[in-house]
1. Go through (1) over 14 Å from the mean Cα position of the chain (by Cα); (2) more than 18 Å from A:Val104 (Cα to Cα); (3) surrounded by 13 or more Cβ atoms within 10 Å (Cβ to Cβ); (4) at pLDDT below 95 for A:Arg56 and report which single condition fails.
2. Looking at the range B:13-25 only, could you name the residues that are more than 9 Å from chain A (Cβ to nearest Cβ) and either surrounded by fewer than 18 Cβ atoms within 10 Å (Cβ to Cβ) or over 12 Å from B:Val75 (Cα atoms) (or both)?
3. Kindly provide the set of residues from the range B:63-88 that are within 30 Å of A:Ile8 (Cβ to Cβ), surrounded by 13 or more Cβ atoms within 10 Å (Cβ to Cβ) and either modelled with pLDDT of 95 or more or more than 10 Å from every other protein chain (Cβ to nearest Cβ) (or both), ordered by number.
4. Considering (1) more than 11 Å from the chain's Cα centre (by Cα); (2) closer than 26 Å to A:Gly108 by Cα, say which one B:Gly10 fails and leave the rest.
5. Any residue at all in the range B:43-56 that is within 14 Å of chain A (Cβ to nearest Cβ) and without any contact (Cβ under 8 Å) to a residue 60 or more places away in the chain?
6. Which of the strands (runs of 3 or more DSSP E) contained wholly in the range A:70-128 include at least 3 residues that are modelled with pLDDT of 95 or more and small (Gly, Ala, Ser)?
7. What tally of residues in the range A:27-38 results from selecting those that are more than 14 Å from chain B (Cβ to nearest Cβ) and over 14 Å from A:Trp73 (Cα atoms)?
8. Residue under question is B:Trp94, and the condition is that it be surrounded by 15 or more Cβ atoms within 10 Å (Cβ to Cβ), facing chain A (nearest Cβ under 9 Å), in contact (Cβ under 8 Å) with a residue 40 or more places away in the chain and farther than 21 Å from B:Arg20 by Cα; does it hold?
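The values are calculated or read from the model by the stated rules, or taken from the named source; none is laboratory data. Quantities reported herein were computed from a predicted structural model and do not represent experimental measurements. Cβ: placed from backbone, ideal geometry, glycine included. Neighbour counts: every protein chain shown.
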Amino acid sequence: MERVERQIVLDAPADDVWAALTEPRRLSAWIGAQVVALDVRAGGRGTARRADGAERRIRIEDVEPPRRLAFRWWPYELDGHPGPGTRVEFVLDAIGPAQTRLTVTESGLPRFVDATGGEPGVVVEMRA
Amino acid sequence: MSRPADRVGGVFAALSDPTRREVFRRLSAAGPVTATELAAKLPVTRQAVAKHLDALAEAGLVSAERAGREKRYRVTPAPLEAAMSWMASVGAEWDERLDALRRHLRRS
């Protein structure tokens, strides 16, 4: 598994969907964490905070309102190994004035392949 | 309280080195073994193997117990399994988020 893609048709105009993707208060309502800040421009930073206080860093990579938004983020890391993080890209396609198709792709996930092949224990390949 | 997903970075970092992956792989197949026994089968020194084992131990992927002069190492795969199931959950997390986004847009 290297990337994950999902698509959904939303009953809202593209501008409204864009606002829900870029305003911290609105993002916090659906993304699963409290987004305390987000500077929506290339290179801009943001922070998402979990209920227990753990924080997740966000860095905006591409901004093309209201059509495309991409950021890089890192897992909630408490062990000091941020790694390269993963890239999340949203593409918004207007379907008429009142609907938007949203595609989200998260990429850069390391691939682990369980290569036990009959050998005892867990044996893994890791492919970038 | 940390969750398994919080250790994912450490697991990925520990397994990002190909020699270290090979040490882990051989240990999975043959443990518990000493660093000397592992080094005998690999084109690296015993000292290098010991360093890799330390890095794997730091990520929680191996544990050691004293047996005579040298330690014997074995894999403790739980953090790896946690990392693998975290990756498998990424898609499901997006399903939840998009459902929540749809509900959010309906309310506003």
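1. Checking A:Arg56 against (1) over 14 Å from the mean Cα position of the chain (by Cα); (2) more than 18 Å from A:Val104 (Cα to Cα); (3) surrounded by 13 or more Cβ atoms within 10 Å (Cβ to Cβ); (4) at pLDDT below 95, the one that fails is (1).
2. Within the range B:13-25, B:Asp17, B:Thr19, B:Arg20, B:Glu22 qualify.
3. Selection gives B:Ala82 alone.
4. Going through the list (1) more than 11 Å from the chain's Cα centre (by Cα); (2) closer than 26 Å to A:Gly108 by Cα, B:Gly10 breaks only (1).
5. So the first thing to find is which residues in the range B:43-56 are within 14 Å of chain A (Cβ to nearest Cβ), and the list is B:55-56.
If we keep only those that are without any contact (Cβ under 8 Å) to a residue 60 or more places away in the chain too, we end up with B:55-56.
Yes, there is a match, as at least one residue in the range B:43-56 is within 14 Å of chain A (Cβ to nearest Cβ) and without any contact (Cβ under 8 Å) to a residue 60 or more places away in the chain.
6. So the answer is none; nothing clears 3.
7. 1
8. no
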